[in-house]
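What follows is calculated from the coordinates using simple rules that are stated; it is not laboratory data. Note that the coordinates shown come from a computational prediction; the quantities given were computed from them, not determined experimentally. A quick note on method: Cβ atoms are made from the backbone with ideal geometry, for glycine too, and the neighbour counts reach across all protein chains shown.
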Amino acid sequence: MRSALWTLLLAVVLVSCDTGTFDPFDNGERYFTLYGFLDERESAHTLRVIPISRFAAEIEDPSVPQASIDGVVTSTDLRTGQVTLWSHRLDRMDDGTLGHVFRGRFQVRAGRTYRLEITRNDGTVTAAETTIPRFPVTRPDPDTLFFPYEVSPDSALTQEVHLPGIVSPWEIYLDYDLQGQLVRVPYGRSGWRTADGWKFTVSLRDDAAQMRSVLGLTADDTLPLVHAITVSIRALDDAWDPPQGNFDPEALAQPGVLSNVEKGYGFWGGIGTYIYTWTVPAR
């Protein structure tokens with residue numbers, strides 16, 4: 001997931017640079033383009049920063065002027081006031097060029113807001129804030145999450161799963177506990193938004209086929225009974241919801257489409273985790 005998000009974010013920044021969506025000579029007091037995110041499940045976080053200047057964004061050699069950066073990166077937990085200083089390094093990018101990458105090490109907490117600041121020597125600050133999603137205590141209604149625990153491979157049965165409080169999922173997984181044998185089935189960012197959360201459709205026939213494949217069973221073999229099912233979701237903060245749920249770099253690279261940066265371009269987001277397990281009633 002982290003790799004996929006980084007690929008998306010870097011694609012957006014590269015499209016922005018290549019299509020000339022900002023003019024470094026008329027930047028409206030915008031000084032940096034930045035992309036990164038905080039992950040509730042990680043303690044090491046990464047930020048890509050590109051200064052908006054007269055120099056080309058590409059850094060071919062560490063001796064060129066754009067290899068240095070006039071900026072100190074800090075993040076602040078706005079609830080506790082704790083400030084973290086991020087370290088800077090020139091990293092080799094996938095295209096062979098060098099890039100300014102900052103790293104911060106700290107544990108983020110659900111429900112807290114973090115403010116990122118890039119401060120130049122003249123005191124100018126480029127900033128962004130993100131709130132790590134906190135999911136409501138309300139759990140899905142077990143009656144709407146009933147799954148038959150004897151699944152035949154030719155069953156066309158589907159089930160809508162309603163997840164209250166989930167605004168913008170990035171990855172959805174179902175983990176089936178088949179009498180101690182765990183099978184994970186990915187659902188990606190499937191589904192649609194509702195008035196109070198998110199819904200997606202489970203295909204038991206497709207899931208049964210994946211269970212059989214993972215367990216090395218044929219279509220004639222009987223699947224073990226399903227003991228429990230866990231839904232795991234990696235969800236984005238509310239501000240990180242793209243128009244019509246479409247993570248298209250070409251569209252997102254357009255100015256104003258998806259940005260939360262003050263005096264800059266780009267996006268800084270947060271990722272939270274939702275996990276819910278229910279036990280299938282025994283007959």
| task | With r as the distance between the Cβ atoms of His162 and Asp122 and R0 = 51 Å, compute the FRET efficiency 1/(1 + (r/R0)^6) and round to 0.05. | result | 0.50
| field | Distant-in-sequence amide H partners of Arg112 (H built 1.01 Å from N, under 5 Å) | value | Ile132
| Computed E for Arg89/Arg189 - FRET, C-beta separation, R0 25 angstrom, nearest 0.05 | 0.20
| request: Determine the gain in length on full extension of the stretch His227-Leu182; use 0.36 nm per residue of separation and subtract their C-alpha separation, reporting nm with one decimal. | output: 15.2 nm
| To the nearest 0.05, how large is the calculated FRET efficiency for Thr279 and Thr113 if R₀ is 45 Å and r is the Cβ-Cβ distance? | 0.80
| note | Taking placed amide H atoms and a strict 5 Å upper bound, the residues 5 or more places from Leu38 or on another chain that come that close are Gly269, Gly270, Ile271
| query | At what distance in nm do the modelled label points of Ser203 and Leu217 sit from each other, each positioned 7 Å from its Cα along Cα→Cβ? | reply | 1.9 nm
